[in-house]
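Beneath this line is the structure, given in structure tokens, with notes to follow.
The values are calculated or read from the model by the stated rules, or taken from the named source; none is laboratory data. Just so you know, these numbers come straight off a predicted model, no measurement behind them. We place every Cβ from the backbone using ideal geometry, glycine too, and count neighbours over all the protein chains shown.
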Amino acid sequence: MAEIQSSAPTGRGTKSRGKKMSTRIDMTPMVDLAFLLLTFFILTASFNKPTVMELTMPDGKGPRTPLSEKRALTLILGKNGQVHYFFGLNTEAEPATLHTTTFSAEGLRRVLLERQRQLPAPTVLIKAGQDAKYQDLVDALDEMTITDQQKYALVDLSAADRKLLAKNSL
């Protein structure tokens, strides 16, 4: 609490002066209150929950599902945020026609939505090229969620796909 201490005047004058008083303020209750408030706000605050993407990967023990060539859309993630894509499957006997786009809304999203309109429930194969970055894969998976793709898979780049990329990059 606050106290007021008075001291007796020390002087020889005939004139009486006012008493000098010193004040001492006890800060303990204010510090206690500050710590109580701090504790209250820390305990009642809600922390940000991390946002995660659920991804179900097969264990490789079950039977393989055959893929229809006409239902397939293959995405190859390249360098500098480019996405190469072709419809169907690519084989050395029958090479596919390669198209290139970006991750913008007018790029990959438009391709995915157009393919869904043409052919309901397509299967999207996502293949990461040698120059692709991890962020490209995350962006591609985000586009799968945004466009509500029901079937998509992460697949390794085949030798025929490498040849197709090399032929089209010249």
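Scan (1) at positive phi; (2) part of a helix (DSSP H, G or I) for the single condition ASP148 breaks and write down its number. The one condition ASP148 does not meet is (2).
Taking ALA72 and the conditions (1) buried (at least 17 other Cβ atoms within 10 Å of the Cβ); (2) modelled with pLDDT under 85, which numbered condition does it fall short on, given that it satisfies the others? Failed condition: (2).
For the stretch 128-141, which positions are among the acidic types (Asp, Glu) and surrounded by 14 or more Cβ atoms within 10 Å (Cβ to Cβ)? It would help to see each step written out before you state the result.
Step one: filter the stretch 128-141 for residues among the acidic types (Asp, Glu), giving 131, 136, 139.
Listed by number, the residues that qualify are ASP136, ASP139.
For GLN82, the conditions (1) out of contact with any Asp or Glu (no Cβ under 8 Å at 6 or more places or on another chain); (2) loosely packed, with under 14 Cβ neighbours inside 10 Å; (3) modelled with pLDDT of 75 or more; (4) polar (S, T, N, Q) are fulfilled apart from (2). Looking at ALA121, ALA132, ALA93, can you tell me which residue is under 24 Å from THR51 (Cα atoms) and outside any helix (DSSP H, G or I)? Just one listed residue meets the conditions, ALA132.
In the stretch 26-76, the residue that is nearest to VAL138 (Cα to Cα) out of those that are assigned to a loop (DSSP other than H, G, I, E, B) and small (Gly, Ala, Ser) is GLY60. Residues in the stretch 96-115 that are of a type in the set (Ser, Thr, Tyr) and either buried (at least 20 other Cβ atoms within 10 Å of the Cβ) or assigned to a loop (DSSP other than H, G, I, E, B) (or both): THR97, SER104. Please verify whether the stretch 45-60 includes one or more residues that are surrounded by 10 or more Cβ atoms within 10 Å (Cβ to Cβ) and hydrophobic (A, V, I, L, M, F, W, C). No; the residues of the stretch 45-60 include none that is surrounded by 10 or more Cβ atoms within 10 Å (Cβ to Cβ) and hydrophobic (A, V, I, L, M, F, W, C).
Only a single criterion out of (1) at pLDDT below 90; (2) closer than 18 Å to LEU165 by Cβ is not satisfied by VAL111, namely (1).
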